[in-house]
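A.B. asks: My questions will all concern the structure given below.
The values are calculated or read from the model by the stated rules, or taken from the named source; none is laboratory data. Computed from a predicted model, the values in this text were never measured in an experiment. Please note: Cβ atoms are built from the backbone with ideal geometry, for glycine as well, and neighbour counts cover all protein chains shown. Side chains are part of the model used for accessible areas, which takes the heavy atoms of the whole protein and leaves out ligands, DNA and RNA. Shrake-Rupley method; radii C 1.70, N 1.55, O 1.52, S 1.80 Å.
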Amino acid sequence: MKKPNVLVTRQVASEAIALLQEVAEVDVWTQDEPIPRQRLLEKAENADGILAMLTERIDEELLARAKRLQIVANMAVGYDNIDLPACKARGIHVTNTPDVLTEATADLAFALLMATGRRLIEANRFLMNGEWTAWSPSLMAGKNVYGATLGIIGMGRIGEAVARRAKGFGMKILYHNRSQKPQAEAETGAVRVSLEALLRESDFVVLLTPLTEETRLLMGDQQFSWMKPTSVFINVSRGGTVDEAALHWALSSGKIWAAGLDVFQQEPVPVDHPLLALPNVVALPHIGSATEQTRAEMAKLAAANIAAVLAGKGPLTAL
Ligand code: DGY
């Protein structure tokens, strides 16, 4: 019997490919660049399953051509690249990769918080540029992390993991979330507050909410104006949650002190983007979950979801 076809839109861990090859003919897009849209549309026509990255838009146009498609397994926890209702309407399973990336992403969020608060990138550039001519008491002086107040917007699995790290740094933890998180509160002492209270009181604000119609441009002029001039803003969610012009205004006018950004409205962010010209911005190329081990686990989980659906079983991590 002919095996089903699976399209994998980027080179991923060999264990994941091997798992898929047991049950399917596997077509892997091996180039470094994301698969061009036209090629994706063509290849989707033949696919029973797609192991997709966040760079692929799975929308009406694609689904209309992908008549055989049974599952889209996104290799990310976020899934704003997928038209979920359109998939559901066609009975196509959609899965993501929760849990396996929680700790790595929380590590990155905390690393970015520390790098921004303690000016690590700026200090490194200063030294490498040969500008370090003398030690001085104010040289690259940043903000205390230990004992500071941390505000977490979006207290999902990753938010809770960030809170656990913050507890080790003696931080007071506030959070803003639709639902209360009693276990996180008991474990870390986190307190649920309104968005305004969180922004007014926090020294560090970490944005971790998924991008939905509700959270699009969640952080705008008003929200940044509630923050303290000494505070640091960190975004590890999606670029679409932040009004970048408002953030630029907040940073350049001294309304907030600094920002650490792992995500942007347009990715890759153009190098001439105004935010990148500011000395108080630490910018990263969307590497929240980027450890070798975590990316392998994400690929294996996505592959396992496809294998399960093609075998007529339910997906493991359905959306
Ligand atoms: C996710 O999983 O949504 C991350 O942004 C990708 O690493």
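A.B. asks: In this structure, is Ser289 hydroxyl-bearing (Ser, Thr, Tyr) and within 12 Å of the ligand (Cβ to nearest atom)?
C.D. replies: So Ser289 fits the description; yes.
A.B. asks: Could you check, for the stretch 212-220, whether at least one of its residues is surrounded by 19 or more Cβ atoms within 10 Å (Cβ to Cβ) and either closer than 27 Å to Gly170 by Cα or without any contact (Cβ under 8 Å) to a residue 24 or more places away in the chain (or both)?
C.D. replies: yes
A.B. asks: Which condition number does Val193 fail, the rest of (1) open to solvent by less than 30 Å² (accessible area, probe 1.4 Å); (2) over 17 Å from the mean Cα position of the chain (by Cα) being met?
C.D. replies: (1)
A.B. asks: Let me ask you something else. So which residues in the stretch 291-312 are closer than 19 Å to Glu103 by Cβ and open to solvent by less than 50 Å² (accessible area, probe 1.4 Å)?
C.D. replies: Thr294, Ala296, Met298, Ala299, Leu301, Ala302
A.B. asks: Kindly indicate whether Val6 is of a type in the set (A, V, I, L, M, F, W, C), more than 22 Å from Arg238 (Cβ to Cβ), in a strand (DSSP E or B) and away from the ligand (no atom under 16 Å from the Cβ).
C.D. replies: yes
A.B. asks: Look through the stretch 64-111, keep the residues that are open to solvent by 30 Å² or more (accessible area, probe 1.4 Å) and closer than 30 Å to Phe204 by Cα, and return whichever of them is farthest from the ligand (Cβ to nearest atom).
C.D. replies: Ala111
Each row is one residue, and each column tells you yes or no for (1) away from the ligand (no atom under 16 Å from the Cβ); (2) free of Cβ contacts under 8 Å to residues at least 24 places away in the same chain.
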| residue | (1), (2) |
| --- | --- |
| Met227 | yes, no |
| Thr241 | no, no |
| His248 | yes, no |
| Val271 | yes, yes |
| Arg295 | no, no |
| Asn305 | no, no |
| Ala308 | yes, yes |
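A.B. asks: Being in contact with a strand residue (DSSP E or B) (Cβ under 7 Å, 6 or more places away or on another chain) and not assigned by TED's automatic domain parsing to the domain that holds Val205: is that true of Asn235 here?
C.D. replies: Judged against the criteria, Asn235 is not a match.
Okay, residues lined up against (1) in contact with a strand residue (DSSP E or B) (Cβ under 7 Å, 6 or more places away or on another chain); (2) assigned to a loop (DSSP other than H, G, I, E, B); (3) open to solvent by 30 Å² or more (accessible area, probe 1.4 Å); (4) not assigned by TED's automatic domain parsing to the domain that holds Asp203:
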site	(1), (2), (3), (4)
Thr230	no, yes, yes, no
Lys255	no, yes, yes, no
Val263	yes, yes, no, no
Leu276	yes, no, yes, no
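A.B. asks: Kindly provide the set of residues from the stretch 142-158 that are of a type outside the set (D, E, K, R) and either over 22 Å from Ile256 (Cα atoms) or not assigned by TED's automatic domain parsing to the domain that holds Met114 (or both), ordered by number.
C.D. replies: Met155, Gly156, Ile158 - these are the residues of the stretch 142-158 that are of a type outside the set (D, E, K, R) and either over 22 Å from Ile256 (Cα atoms) or not assigned by TED's automatic domain parsing to the domain that holds Met114 (or both).
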